[in-house]
Amino acid sequence: MKKVYTCFTTDIIHEGHLNIIKEAKKLGSVTIGALSDSALIRYNRFPTISMEERIALYRSLDGVDQVVVQDDMTYDEIIKTFRPDIVIHGDNWKEGPERALRENCLHALEKYGGVLVEPSYTYSESVSKADRQLKEKLSMPEYRRKRLRQLIGICPVVKILEAHSGLTGLIAEKTIVERKGKLDQFDGMWVSSLCDSTDRGKPDIELVDMTARLRTINDILEVTTKPIILDGDTGGLPEHFVYNVRTLERIGVSAVIIEDKTGLKKNSLFGTEVAQTQDSIENFSAKIEAGKRAQLTDDFMIIARIESLILERGMEDALKRADAFRRAGADGIMIHSRKKDPAEIFEFCDRFRDKDSTTPIVVVPTSFNSVTEEELAGHGVNIVIYANQLMRAAFPAMQKTAVTILENHRALEADPDLMPFKEIITLIDEL
Ligand code: SPV
Ligand code: MG
């Protein structure tokens with residue numbers, strides 16, 4: 001009896017999976033690899049059921065002889081240990097970033113003469129419906145909201161990209177790259193006050209009110225499934241903040257980050273060039289406490305952002321505040337800096353981690369952008385937010401196009417820089 005192996009990355013079994021098992025069964029005894037959570041979220045989507053439930057689900061299928069765990073999305077390790085005679089996979093992985101996994105699999109099989117069999121991928125109404133149902137489930141508030149905490153538990157570093165519209169949300173949701181033979185994608189979205197304001201042509205001074213911010217969030221919620229972190233500015237009055245916590249929690253936002261400033265807030269990247277007032281430890285702690293009391297689920301996170309380094313109040317002040325805000329109930333600490341060199345961020349993280357090994361640390365490497373996610377994780381950082389790069393990419397591109405059309409009295413010269421609309425709309429799901 002030949003050993004036939006396939007890897008499943010799904011929470012829902014549809015016709016396509018059953019077809020793979022049917023084809024596999026014709027060739028020998030069938031083993032299914034259940035991809036681990038950490039590999040699954042980089043490769044595909046966040047699981048809606050646990051690893052144990054996925055294993056039980058695959059085991060219950062007719063024709064399956066055994067289920068094993070595949071720890072990594074690449075195949076070399078599992079192939080080396082399990083030595084299947086045949087690996088079976090739908091032919092859809094011949095295209096796009098998944099090609100790298102196929103090559104890795106072929107290479108591992110080649111070493112001992114194993115064979116890859118690739119039946120045609122099943123494209124059908126029921127397969128696409130199952131896919132839509134899974135996405136729908138992932139986008140529901142009760143699933144989406146808790147996902148940030150789950151990701152912190154699974155990933156060495158959670159990667160968040162700024163989104164300020166449905167379209168930028170789709171970019172954060174769907175962009176997948178192949179790097180060093182593995183696939184990678186963002187884990188969630190940051191709704192930045194700077195970009196949400198800029199997109200409306202307004203300054204980042206808490207002028208765009210919560211009603212407008214909620215409209216942006218809703219546009220993103222409508223078309224995505226990944227978790228959202230809201231930049232909540234100062235959180236406003238504690239009496240208002242508590243209502244906003246409830247609203248955000250209800251609609252499925254995972255976290256709000258509020259910064260310890262008061263009065264007229266200006267963007268942190270201005271630093272001390274503009275007048276900005278830091279809130280007192282007592283006031284800001286009281287705001288965090290009020291927010292935590294208002295919260296009804298265990299999922300939602302209120303993250304305290306410390307502006308001491310931005311405002312040049314020193315490391316000791318930053319650490320003292322981190323300790324106080326944590327004691328007030330903050331679920332995480334964001335430390336911000338506008339230095340090019342990440343040294344002060346590293347020092348803060350190391351010293352904070354000496355005393356507290358668990359509270360999540362969040363950073364926004366806009367100024368200290370040469371630092372890698374791996375380096376930050378090495379200093380205990382849990383969440384990295386790319387806070388404004390999409391907006392900064394779009395603005396000069398749009399401006400250049402406007403200039404080119406004006407200069408030429410026609411659009412032809414701008415065309416080489418433009419994406420055909422046909423390509424843009426491939427990002428947009430149709431029902
Ligand atoms: C934002 O994105 O609005 C932020 C981060 O608050 S920063 O602009 O770096 O202050
Ligand atoms: Mg902001």
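The values are calculated or read from the model by the stated rules, or taken from the named source; none is laboratory data. Since we're looking at a predicted model, the values are computed, not measured. Cβ sites come from the backbone with ideal geometry, for glycine too, and all protein chains shown count toward neighbours. Ligands, DNA and RNA are excluded from the accessible area calculation, which covers all protein heavy atoms including side chains. Shrake-Rupley method; radii C 1.70, N 1.55, O 1.52, S 1.80 Å.
Here are a few things to note about the model shown:
- Rg and Dmax of the stretch 340-410, based on Cα coordinates, read 18.7, 63 Å.
- 3J(HN,Hα) along the stretch 277-286, derived from phi through the Karplus expression 6.51 cos²θ - 1.76 cosθ + 1.60 where θ = phi - 60°, amounts to 10, 7, 6, 6, 4, 4, 4, 5, 4, 5 Hz, with x in place of Gly and Pro.
- Distance from the stretch 347-378 to the stretch 1-18 (C-alpha centre basis), Å: 40 Å
- Tilt relative to the chain, helix 315-327 - C-alpha long axis, 0 to 90 degrees, to 10: 70 degrees
- Amide H partners (placed H, <5 Å) of VAL117, local residues excluded: VAL87, ILE88, HIS89
- Per residue, the solvent-accessible area of the chain (1.4 Å probe, heavy atoms of protein chains only, all protein chains present) comes to 48 Å².
- Sites listed here are chymotrypsin sites (Phe, Trp or Tyr not before Pro) in the stretch 56-117 whose DSSP assignment is loop and whose Cβ has at most 15 other Cβ atoms within 10 Å: TYR112.
- Measure of compaction for the stretch 275-364 (Cα Rg per 2.2 N^0.38 Å): 1.07
- Cα convex hull volume per residue for the stretch 1-87 (Å³): 83 Å³
- Relative contact order (%) - criterion: Cα under 8 Å, at least six apart; region: the stretch 3-131: 30 percent
- Compared with the direct C-alpha span, the chain from ARG179 to GLU239 gains 16.9 nm at full extension, assuming 0.36 nm per residue.
- Stretch gain in nm, segment GLU430-LYS339, where the contour uses 0.36 nm per residue and the Cα spacing is subtracted: 28.3 nm
- Centre separation in Å (Cα based) which lies between the stretch 113-137 and the stretch 172-204: 28 Å
- Applying the Karplus relation 6.51 cos²θ - 1.76 cosθ + 1.60 with θ = phi - 60° to the stretch 371-381 yields 3J(HN,Hα) values of 6, 8, 4, 5, 4, 5, 4, x, 9, x, 6 Hz, where x marks Gly and Pro.
- In this calculation the C-beta distance from GLU142 to THR272 is compared with R0 = 30 Å, giving a FRET efficiency of 0.10.
- Positive-end extreme of charge dipole, the chain - chosen from ILE428, SER38, SER193 (charges on Cβ): SER38
- Cα principal axis extents for the chain, largest first, Å: 75, 63, 38
- Size of electric dipole in the stretch 3-131: Cβ of Lys, Arg +1 and of Asp, Glu -1, about Cα centre, debye, nearest 20: 240 debye
- Considering all different alpha carbon pairs of the stretch 140-387, the Kirkwood hydrodynamic radius works out to 18.0 Å.
- Annotation: amide H-H contacts under 5 Å for ASP279 (H modelled 1.01 Å from N, sequence separation of 5 or more, or interchain): LYS261, THR262.
- DSSP beta bridge pairing in the chain, given as percent antiparallel to the nearest 5: 10 percent
- Surrounding net charge for VAL157, when Lys and Arg each add one and Asp and Glu each subtract one, Cβ distance under 11 Å: -3
- Sites excluded, GluC sites (Glu not before Pro) in DSSP loops with at most 12 other C-beta within 10 Å, longest stretch of the chain: 96-311
- Acute angle (nearest 10 degrees) that the helix 343-355 long axis makes with the longest principal axis of the chain, alpha-carbon atoms: 80 degrees
- Fraction of accessible area attributable to carbon and sulfur, the stretch 272-431 (%, probe 1.4 Å): 55 percent
- The share of alpha-carbon pairs in the stretch 213-353 lying farther apart than 17 Å comes to 59%.
- Size of charge dipole - the chain - debye, nearest 20, with Cβ of Lys, Arg +1 and Asp, Glu -1, no other charges: 540 debye
- In Hz, Karplus ³J(HN,Hα) per residue of the stretch 114-122 (6.51, -1.76, 1.60; θ = phi - 60°; x = Gly, Pro): x, 10, 9, 10, 10, x, 4, 5, 7
- Using the rule -39500 (n - 2.57) for each DSSP H run of four or more residues, divided by the residues of the chain, the 222 nm mean residue ellipticity is -13000 deg cm²/dmol.
- C-alpha long axis of helix 99-110 to longest principal axis of the chain, angle in °: 40 degrees
- Under-5 Å amide H pairs with VAL68, H placed in peptide plane, nonlocal only: ILE32, GLY33, ALA34
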